[in-house]
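Here the structure is laid out as structure tokens; the discussion comes afterwards.
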Amino acid sequence: MPEQPSTAQYAASDRDLEAAILGLLAQRAATSTICPSEAARVVGGEHWREQMDAARAAAARLEAAGVVDITQGGEVVDPATARGPIRIRRRPTAAGSTPDA
């Protein structure tokens, strides 16, 4: 087995993780959250732990795009400085509700 995947494999994994996050959130109530490990499990199967950093990075990209919020203890946090467990939720719309998905 190669020690590290190629750049192309990382890009596919990034897209897969973003899609997994959005798919999991779409299956939940509008105000529900998910753990990045849930997306890592979808993409990585039994090797999900190896995908945790990539799952957090995917969540950060979606946060930067304005699609999700990253929370800790129910409060929105900056994914660049968040340490420890985080949760991901759909970002509320301007009217205060989350979009239906």
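Each reported figure results from applying straightforward, stated rules to the coordinates on display, with no laboratory input. Model, not experiment: these values are computed from the prediction. Here the Cβ positions follow ideal geometry from the backbone for every residue, glycine too, while neighbour counts run over all protein chains shown.
Some observations on this one:
- Computed E for residue 15/residue 83 - FRET, C-beta separation, R0 35 angstrom, nearest 0.05: 0.85
- For a label point 7 Å along the Cα-to-beta-carbon line of residue 35, residues of the stretch 44-69 with backbone N under 17 Å: 44-57, 59
- Where labels lie 7 Å past Cα in the beta-carbon direction, separation of residue 50 and residue 26 in nm: 2.8 nm
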